[in-house]
Amino acid sequence: GRIMARWSAFSRRRCSRSFKADFDRDERRLFLSAPLTAGSLDRLVSRVDALASEFQGLQKADAALPRTQLKNTGLAIAMRAWELSSFTVLRREA
């Protein structure tokens, strides 16, 4: 309960600040939106899970290296059904 609420608030503030900041040439910030089939969504979920697993594996492998060789890195991935509200209004009127 309380721990998740605190984590959620921290996460929202941290993500908000991170995404508002400028990104360097070797950093990425992307937002993609498109209609996808259930099969495509399943494939994407599998790839997101694989990327998260790879990130964790790289962290474990790099943990043995000297701290001076490491760069703190955050990887934020989110995926959900989403539609711009102005499009939703148009869809309801049609």
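The values are calculated or read from the model by the stated rules, or taken from the named source; none is laboratory data. Predicted, not measured: the structure shown is a model, and the values here were computed from it. Backbone-built Cβ (ideal geometry, glycine too); neighbour counts: all protein chains shown. To get the accessible areas, we keep the full protein, side chains included, count just its heavy atoms, and leave off ligands, DNA and RNA. Shrake-Rupley method; radii C 1.70, N 1.55, O 1.52, S 1.80 Å.
List of remarks:
- When residues of the stretch 30-54 are limited to those that are part of a helix (DSSP H, G or I) and of a type in the set (Gly, Ala, Ser), the one nearest to residue 75 (Cα to Cα): 52
- Residue count for the stretch 51-76, restricted to those that are closer than 23 Å to residue 17 by Cα and either more than 22 Å from the chain's Cα centre (by Cα) or surrounded by 10 or more Cβ atoms within 10 Å (Cβ to Cβ) (or both): 6
- Pairing residues of the stretch 13-41 that are on the phi < 0 side of the Ramachandran plot with residues that are of a type outside the set (Phe, Trp, Tyr), at Cβ distances under 7 Å and at least 6 apart in sequence or on separate chains, gives 15/76; 18/74; 19/29; 23/29.
- Residue within the stretch 22-41 that is modelled with pLDDT under 85 and more than 20 Å from the chain's Cα centre (by Cα) present: no
- Considering residues of the stretch 42-76 that are within 20 Å of residue 15 (Cα to Cα) and of a type in the set (A, V, I, L, M) only, the residue modelled with the lowest pLDDT: 76
- In the stretch 77-86, the residue that is modelled with the highest pLDDT out of those that are surrounded by fewer than 10 Cβ atoms within 10 Å (Cβ to Cβ) and farther than 25 Å from residue 23 by Cα is 81.
- Candidate set: the stretch 1-21, residues that are open to solvent by less than 70 Å² (accessible area, probe 1.4 Å) and assigned to a helix (DSSP H, G or I); chosen: the one modelled with the lowest pLDDT: 5
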